[in-house]
1. Around LEU28, with a cut-off of 11 angstrom between Cβ atoms, what is the net charge of the other residues, counting Lys and Arg +1 and Asp and Glu -1?
2. At 0.36 nm per residue, and after removing the present C-alpha to C-alpha distance, how many nm does the segment from ALA156 to SER20 gain when stretched out fully?
Amino acid sequence: MKVLDLQCGQQHVFEGWFGSEDDFQDQLKRGLVQCPLCSDATISKRLSAPRLNLGGARDKAADAGREQADQSSRAKSSEASREGSREEPALARQDLVAGPQADPALAAAWMAIAKRIIANTDDVGDKFAEEARKIHYGETKERSIRGKASAEETQALLEEGIAVLPMLLPEVLKGRLQ
């Protein structure tokens with residue numbers, strides 16, 4: 001099994017699992033690899049470190065060296081805090097520069113919202129504008145719907161006083177994976 005760190009054209013970062021590199025390349029060429037957040041199929045591999053499971057063959061000296069480095073790092077961090085360091089936290093800088101793709105919690109929250117929307121709405125597909133008008137004017141039963149509408153259709157609905165919220169829902173959540 002090959003686990004790859006991937007990134008879409010919108011800079012969302014996610015993980016993909018493939019049987020092999022050839023399997024990944026084949027699925028990529030056929031447009032089967034999409035961002036789970038925005039459904040973008042413009043995907044690139046990111047640098048990632050392989051994980052080697054060597055079982056009990058761990059080097060105790062290396063473990064001790066890492067532990068000592070960790071303790072030293074924690075001591076410096078604690079000392080900087082006591083001195084009232086003026087240096088901005090690295091996480092805050094990263095959030096400002098990198099945006100939402102840097103925060104996995106934000107991506108997970110977005111996916112949870114998207115799942116809830118899909119679970120609690122009827123998909124009316126390309127007939128969204130037509131169905132929204134029928135509901136608005138009382139021609140059909142009121143219910144929560146989702147579907148597709150062009151920018152022009154969306155603008156016309158808003159001008160008629162019909163409340164709509166354009167949002168991109170991940171295609172992967174709309175159907176079964178297996």
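1. Summing Lys/Arg as +1 and Asp/Glu as -1 gives -1.
2. So the chain would gain 44.2 nm between ALA156 and SER20.
Here, each number is a calculation from the coordinates, and none is a lab measurement. This structure is a prediction, so every number in the text was calculated from the model and none was measured. Neighbour counts are summed over all protein chains in view; Cβ atoms, including those assigned to glycine, are modelled from backbone coordinates with ideal geometry.
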